[in-house]
Each structure stands twice: as C-alpha cells, then as structure tokens.
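Only one structure is covered here, and it is reproduced in the block below.
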Amino acid sequence: MERIDQAARWLLERDNFLILTHRRPDGDATGCAIALCLGLRSLGKTARIWANPQFTPRYAPRLAGLTTDAPAEDDVIVAVDLASESLLPMGGESFAGKTQLCLDHHPSNTGYAVETLVQPECGGCGELIWDLLEAMGVDITPAMAEALYIAVSTDTGCFRFSNTTSRTFRTAAKAVEHGAAIAPINRVLFEVKTRGRLELEARVMANMEFYAGGKVAIGCLPQAWVEELQVTEDDLDSISGFPRTIDGVQVGVMIRDSEPGKAKLSLRTAQGYNASAYCARLGGGGHAAAAGAAVPGTLEDGKNAILQVLRDAHVI
C-alpha cells in the first residue's frame, strides 16, 4: 500500500481485528494500538489488542477493556509500529506469518505482512494512525486523542528529536483540539523520575565508556541493578537515550541483559550517523537517529559486537 486511503478502505471492508504491538512496547506502539482499537470499535467493528505481557503499568488504565490473550481463528491481524517479526511480543511468536496488515513508520520494515503501509517520514507511527482514523470517518474522542498524543510525543522525545516535523506538531495540535489533556501527560512522561531511576542513571554514568574522543558513549545496564533498585519498565522509559544526553556524544549506545542469554542494544545518533545501518549489521533496525538490535550473549558480548560494527563503519 502507498496511501492512507487504501489502508482505510481495507479496514472498512473487514471486521474482527486483533492488533499487535512489538516486544517491549513503547508509548508510540501502545498509543497507536489503543487509538486504532477505539477507532474501529466506534465504527461498530470488533477490535481487540493482543495482551502483550510487557505492557507497563503506566498505560494499564488506558488499555482496560481493550486487550485479550485469547485470539480467535478468524481474527484479522493488524500490527502497529512493528517493523519485523523478530520483534513480535513475548508469547506471541505463534503470530509469525499471520499478519495481514502492518501500519508502520520504520524505514527498516521487512515487509513481513500481507499488506504494508509504511510512512518513514512520520516522527511517530501515531501520525499515520491519526490520518488513518480521519480517512475512515472516525469521530476522534479525547481518549483517542490522548493515546495518539502519547504516541507522537514519546517517539519524538517531547518534540526534541530530529524526527519531529511540522506534521508531528499538527498531529499534536489536533490532539489538543480534540480534548487531549497534555499537561498531566507531559509531567508523567517527561518530567518525573523516581529515586530508583536517578540512582540507576548515576551507576550507568559512573561506568560509561567513551571512544573516539568522546563521540561514542556506551553504557551497560545490568538486570541485577534493575532488580536491586526495584525500578520498573516505566522507570526505564527513555533510558536508551541517556548516553546521548552527554555533551559531545554523537553515537550513544545502551546495552541491557533483561532477557537471559541476550544483550539488547539501543542506539541513538546525531545527524551524520546512521543508527539503523549499524543495527542492521546485527540483525536489527529502526531509524537513522534511533534503532535497536539484540545479540546472543552477555553485556560484554553486546559491547564487543557494536564496537566491531562501529570500527567497520570507521566511527571509531
């Protein structure tokens, strides 16, 4: 698919939707799923969100009544913000090969679905979903507007990242016009940090490694620290971008071992560096400014893997 109206017509012609989000769903994936589910239901259609076990408590009230862990044989599976089947949610591996429509904004999308609409110019997938709801004739409610404000604001770092465009701001403005209460959302998402999160940042900073004269920063976040400090995934929101907040850092890498036997890498890069290309060398992908990958092994294995990629790319 190349146009929003094609996806809108496709959805209007079908029913019984099951919406998938990616592993470790962020605000964009979660917000898009909520808004799309509510929008389809408002048109009299049956729509549910797969109960991703990694949905965090922060979004639980907004997901209430929308999720299911019991898919049906006749479900029409729609994935949002999910670039590759390698990112299918934990427990949802059986959905491989079954996605009928993917709505995404990642240029690295692998085209795994039967039908795919990718708009890489979107700062967040929420921009695409907003236009899609309008094209379907949905009367956008405050709940939908807030979900999509969460989507676009989180994926652009509260409109600070380079992927922010005029379309992003227009989507946010329309969200406000449709009743989104953004002040409390912004405080929860972008201002407040728990003491555990601050202690975690201090530890990561104390152990940060720098390369190429400070242009590259690599931080490791052991799961043991997460458990010791009793921080939640909500506390860890945006931790991936922490190395890039350091003055002079052009390529920031955060590595976690939250899944046994696997090192998860998150890259954030400045203009002139391509996080997606680096992560693609490790089987991952994303955007030029933000991407991720996972490699087998320990934190040290993950560090060595990305260091080799950056050496091959002449970054260090």
- segment 258-272-segment 61-76 distance, computed between alpha-carbon centres (Å): 30
- Task: Heavy atoms only, probe 1.4 angstrom, no DNA, RNA or ligands counted: give me ARG9, ARG48 ranked by accessible area, highest first.
- Result: ARG9, ARG48
- Is any residue of segment 27-44 close enough, with backbone N under 19 Å, to a label point placed 7 angstrom from the Cα of LEU12 along the Cα-Cβ axis, and if so, which? 36-44
- Query: Taking springs between alpha-carbon atoms closer than 10 angstrom, which of GLU121, GLU146, GLU13 fluctuates most in the Gaussian network model of the chain?
  - Reply: GLU13
- Give the value in nm², to one decimal: projected area of the alpha carbon convex hull of segment 18-86, averaged over all directions. 4.6
- Task: Can you give me the P(r) profile for segment 1-116? Cα pairs, bins 10 angstrom wide beginning at 0, each as a whole percent.
- Result: 14, 52, 32, 2
- Given the options TRP225, TRP130, TRP50, state which has the largest fluctuation in a GNM of the chain using a 10 Å cut-off (strictly under) for Cα springs. TRP225
- In deg cm²/dmol, rounded to 500, what helix-only [θ] at 222 nm does the chain give when every DSSP H run of at least 4 residues adds -39500 (n - 2.57) and the total is split over its residues? -10000 deg cm²/dmol
- Note on the structure: Scaled by the rule-of-thumb 2.2 N^0.38 Å, the alpha carbon Rg for segment 126-218 gives a ratio of 1.42
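State the three equivalent ellipsoid semi-axes of the chain, derived from the C-alpha gyration tensor as the square roots of 5 times its eigenvalues, in descending order and whole Å. Provide the component values of the computation, followed by the final result.
Working: eigenvalues 205, 84, 73 Å².
Square roots of five times the eigenvalues give 32, 20, 19 Å.
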- Give me the Kirkwood hydrodynamic radius of segment 87-147, using the inverse of the mean 1/r over all pairs of distinct Cα atoms, in Å to one decimal. 13.2
- Message: With every protein chain left in place and a probe of 1.4 Å, what is the accessible surface of TYR211, to the nearest 10 Å²?
- Response: 50
- Message: Could you report the chain's accessible area per residue, 1.4 Å probe, as an integer in Å²?
- Response: 43
- Message: Could you put HIS105, HIS287, HIS314, HIS178 in order of accessible surface area, largest first, with the 1.4 Å probe and the full protein assembly present?
- Response: HIS314, HIS178, HIS287, HIS105
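Let me check against my output: what whole-number percent is the relative contact order of the chain, with C-alpha pairs under 8 Å and at least 6 apart? Please report the intermediate quantities before stating the final value.
Details: 620 pairs, mean separation 41.2, N = 316.
Averaging sequence separation for qualifying contacts and normalising by length gives 13 percent for the chain.
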- Message: For the ranges 57-63, 195-201, what's the packing order if you count other beta-carbon atoms within 10 Å of each residue, average per peptide, and put the highest first?
- Response: 195-201, 57-63
- Just for the Cα atoms in segment 186-248, what are the lengths along the principal axes, largest first, rounded to whole Å? 34, 29, 14
- The ³J(HN,Hα) series, computed from each phi in segment 270-286 with the Karplus coefficients 6.51, -1.76 and 1.60 at θ = phi - 60°, rounded to the nearest Hz and given as x for glycine or proline, is 7, 4, x, 10, 10, 4, 4, 5, 5, 5, 4, 5, 10, x, x, x, x
- Cα coordinate range in segment 55-97, projected on the principal axes (Å, largest first): 31, 23, 17
- Task: Express in Å², to the nearest 10, the accessible area of SER108 obtained by rolling a 1.4 Å probe over the protein heavy atoms while all chains stay in place.
- Result: 40
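What do you reckon, how do LYS215, LYS45, LYS98 stack up by accessible area (1.4 Å probe), largest on top? List each step's numbers first, then the result.
Working: LYS215 80, LYS45 35, LYS98 110 Å².
Largest accessible area first, the residues go LYS98, LYS215, LYS45.
Taking all protein chains as present, what is the carbon and sulfur share of the accessible area of segment 85-130, in % to the nearest whole number, probe 1.4 Å? Write down the numbers at each step before the final one.
Numbers: 890 of 1630 Å².
Of the solvent-accessible surface of segment 85-130, carbon and sulfur hold 54 percent.
The values are calculated or read from the model by the stated rules, or taken from the named source; none is laboratory data. From a predicted model like this one, the values you see are computed outputs, not experimental measurements. Neighbour counts run over all protein chains shown; Cβ positions are idealised from the backbone, glycine included. What goes into the accessible areas is simple: the full protein's heavy atoms, side chains included, and nothing from ligands, DNA or RNA. Shrake-Rupley method; radii C 1.70, N 1.55, O 1.52, S 1.80 Å.
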